[in-house]
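Inspection log for the structure reproduced underneath, given as structure tokens.
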Amino acid sequence: MRLGTVLKIGVLCVALSAGAGLAAIAYLFSQEDYTPQPGSLTYYLGISSLVRNAPIAAALQPAEYFGSVGDGNKLPQSQVSFYVSQADAAQAWRTLQRYLDEQGFSHAPPDSGSQAQTASTTAKEAQYTSPTDGSVLMTLEEVPAAAGLRVSLTHFD
């Protein structure tokens, strides 16, 4: 009788855990665009490991994460952005380049239509591709009234 009770409780716990996991995934996909906080469930489920593990070198403030499940012709993406001083920009850029090389990405020629029109001025842009992990866009931008230069790594998966 005791073993039967333990088994019932175990099955109930497994069912509740599976239900909670499915609810979390359903919630994530109901949000087309999201800005998760590091450590949150949406951060782990929605931001690619490539972006989560990217080195954040010499950041002036905590990194900001953004994700999108994609819609129509818009690809799913994960992004990390952080600000660096002018003096640290080149080192932060090289650190991310090294990281992408280590992850098996290859530098790709720029897409002529890839530059978006924004309030910022793109100082540097580089595209990387991987046969298995999609593509990555790295940008270094001057943002008006910002504390420094914004470095962004966007993974299109």
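Charges on Cβ only, +1 for Lys and Arg, -1 for Asp and Glu, centred on the Cα centroid of the chain; of Met138, Tyr43, Leu96, which one is farthest towards the dipole's positive end?
Tyr43
For Ala108, which sequence-distant residues (separation of 5 or more, or a different chain) have an amide H within less than 5 Å of its own amide H, given hydrogens modelled in the peptide plane?
Gln127, Tyr128, Thr129
Given +1 on the Cβ of Lys and Arg, -1 on the Cβ of Asp and Glu, and no further charges, what dipole in debye does the chain carry about its Cα centre, rounded to the nearest 20?
Numbers: 8 positive and 13 negative charges, 135 e Å.
For this selection, approximately 660 debye.
How would you rank His107, His155, going from fewest to most other Cβ atoms within 10 Å of each one's own Cβ? Present the calculation step by step, with values, prior to reporting the outcome.
Values: His107 13, His155 27.
Going from least to most buried by this count: His107, His155.
Taking R0 as 35 Å, what FRET efficiency do you get between Thr132 and Arg94 from their Cβ-Cβ distance, rounded to the nearest 0.05? Write out the running numbers ahead of the final one.
On the way: r = 24 Å, r/R0 = 0.69.
My answer for the efficiency is 0.90.
Quick one: length gained pulling Cys13 to Leu45 fully straight, 0.36 nm per residue minus the C-alpha distance? Spell out each step's value before the answer.
Values: separation 32, 0.36 × 32 = 11.52 nm, distance 2.14 nm.
Result for the pair: 9.4 nm of gain on full extension.
log₁₀ I(q)/I(0) of region 32-156 at q = 0.16, 0.17, 0.21, 0.22 Å⁻¹, via Debye over equal Cα point scatterers, no solvent, to two decimals?
Ignoring solvent entirely, the Cα scatterers give -0.79, -0.90, -1.40, -1.51.
Between the helical axis of 89-102 and the dominant principal axis of the chain, each derived from Cα atoms, what acute angle in degrees is found, rounded to the nearest 10?
50 degrees
Roughly how many whole Å is it from the C-alpha centroid of region 47-92 to that of region 126-157?
With region 47-92 and region 126-157 each reduced to a Cα centre, they are spaced 7 Å.
Output the Cα-based Rg and Dmax of region 1-102 in Å, rounding Rg to one decimal and Dmax to a whole number.
So, for region 1-102, Rg and Dmax equal 19.7, 70 Å respectively.
Calculated from DSSP H runs of 4 or more alone, at -39500 (n - 2.57) each and per residue, what is the 222 nm mean residue ellipticity of the chain, nearest 500? Walk me through the numbers on the way to the answer.
Numbers: 4 runs with 53 residues, N = 157.
Rounded to the nearest 500, it is -10500 deg cm²/dmol.
If one takes the longest principal axis of the Cα atoms in the chain, at what angle in degrees, from 0 to 90 and to the nearest 10, does the Cα axis of helix 2-30 lie?
That helix lies at roughly 30 degrees to the long axis.
FYI, it's all coordinate maths here, none of it is from the lab. Quantities reported herein were computed from a predicted structural model and do not represent experimental measurements. Counting neighbours? That spans all protein chains shown, and the Cβs are built from the backbone with ideal geometry, glycine included.
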